[in-house]
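The numbers here are math on the coordinates, done by the rules we state, and not lab data. Remember, it's a predicted structure, so these values are computed and weren't measured experimentally. Reconstructed Cβ throughout: ideal geometry from the backbone, glycine too, with neighbour counts over all protein chains shown.
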Amino acid sequence: MLFRDRLDAAERLAAALAPYRGCHPLVLAIPRGAVPMGAALAQALDGELDVVLVHKLSSRWNPEYAIGAIDEGGRVFVSDPEADDAAWLAAEKARRLDELRRRRALYSGGAAGADPQGRVAIVVDDGLATGATMLAALHAVRARRPHKLVCAVPVAAPSSLERVRPYADELVCLHAPADFRAVGQFFARFEQVEDDEVVDCLRRHRGRDGDDGPGGRKPVPG
């Protein structure tokens with residue numbers, strides 16, 4: 001399966017998530033790549049868009065390799081504790097937490113993110129490689145007591161998909177190929193998403209989160 005771009009992937013995910021249309025789900029995108037996807041999903045599902053701020057913790061030997069992830073509350077998930085020493089991990093945590101605080105200020109003006117408590121929360125990313133970032137995101141959202149926690153990705157490494165599965169109430173993945181090497185392998189276009197695009201997506205969708213009024217929502221599926 002090859003996706004044209006992230007919006008094509010979002011359209012296909014929206015079809016798989018169609019039962020949630022009408023219950024005003026909270027779509028939480030992992031910046032930066034997943035935010036345009038999250039915007040398209042929120043629109044298709046008549047939901048609310050926000051970001052869930054997590055950052056991978058990188059190995060000193062390979063910046064692309066995630067040894068874990070951290071959320072904006074400072075909660076840490078370490079997927080490979082043997083990959084680096086404690087001093088490196090502590091310094092990496094501090095660096096990434098500073099970056100998450102910068103992003104929250106940029107994306108939301110420092111305001112708190114949308115509250116998932118009691119709602120269907122759909123955490124979306126553009127793919128799962130190691131799964132560490134998604135695991136941190138699911139932990140962060142679960143701690144805020146959503147009614148239902150859904151993980152949605154277009155493509156994933158099969159082993160990462162199984163690692164993530166126990167932490168979501170529902171997992172939606174369109175493609176989990178045995179020959180997975182990298183997320184970008186399955187997109188014809190996979191451009192870098194910059195902060196200004198994230199800010200624009202959030203600004204355009206802000207205000208869609210208001211109360212639908214009595215009778216304005218369907219019961220939550222499942």
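Helix 132-142 axis versus longest C-alpha principal axis of the chain: approximately 50°, rounded to the nearest ten. Applying a DSSP loop filter and a limit of 10 other Cβ atoms within 10 Å to the chymotrypsin sites (Phe, Trp or Tyr not before Pro) in the stretch 55-127 leaves Trp61. With the largest listed first and rounded to whole Å, the semi-axes of the equivalent ellipsoid of the chain from the Cα gyration tensor are 27, 20, 17. Between Ala16 and Ala91, the C-beta separation translates, for a Förster distance of 35 Å, into a calculated FRET efficiency of about 0.30.
How much length is gained on full extension from Glu82 to Glu191, taking 0.36 nm per residue of separation minus their Cα-Cα distance? Mind showing how you got there, number by number?
Values: separation 109, 0.36 × 109 = 39.24 nm, distance 3.23 nm.
36.0 nm is the gain from fully extending Glu82 to Glu191.
Near Val150, once Lys and Arg are set to +1 and Asp and Glu to -1 for all other residues with Cβ below 10 Å from its Cβ, the sum equals -1. Tell me, what is the FRET efficiency for Ser159 and Arg206 to the nearest 0.05, using R0 = 35 angstrom and their Cβ-Cβ distance as r? For Ser159 and Arg206, the calculated efficiency is 0.40.
Estimated from helical segments only, the mean residue ellipticity of the chain at 222 nm is -10000 deg cm²/dmol, where each DSSP H run of four or more residues counts as -39500 (n - 2.57). Highest average first, the peptides 26-37, 172-183, 46-57, 150-161 ordered by how many other beta carbon atoms sit within 10 Å of their residues are 26-37, 46-57, 150-161, 172-183. Here's the picture: a label point sits 7 Å out from the Cα of Ala112 along the beta-carbon direction, and within the stretch 66-82 the residues with their amide nitrogen under 20 Å of it are 71-76. Each listed q (0.14, 0.15, 0.22 Å⁻¹) maps to a log10 I(q)/I(0) for the stretch 1-78, found by the Debye formula over equal Cα scatterers with no solvent: -0.58, -0.64, -0.96.
Contact order, relative form, for the stretch 1-144: 27 percent (alpha carbon pairs under 8 Å, 6 or more residues apart, mean separation divided by residue count). If you take the alpha carbon atoms of the stretch 76-137 and fit the smallest convex hull around them, that volume is 113 Å³ per residue.
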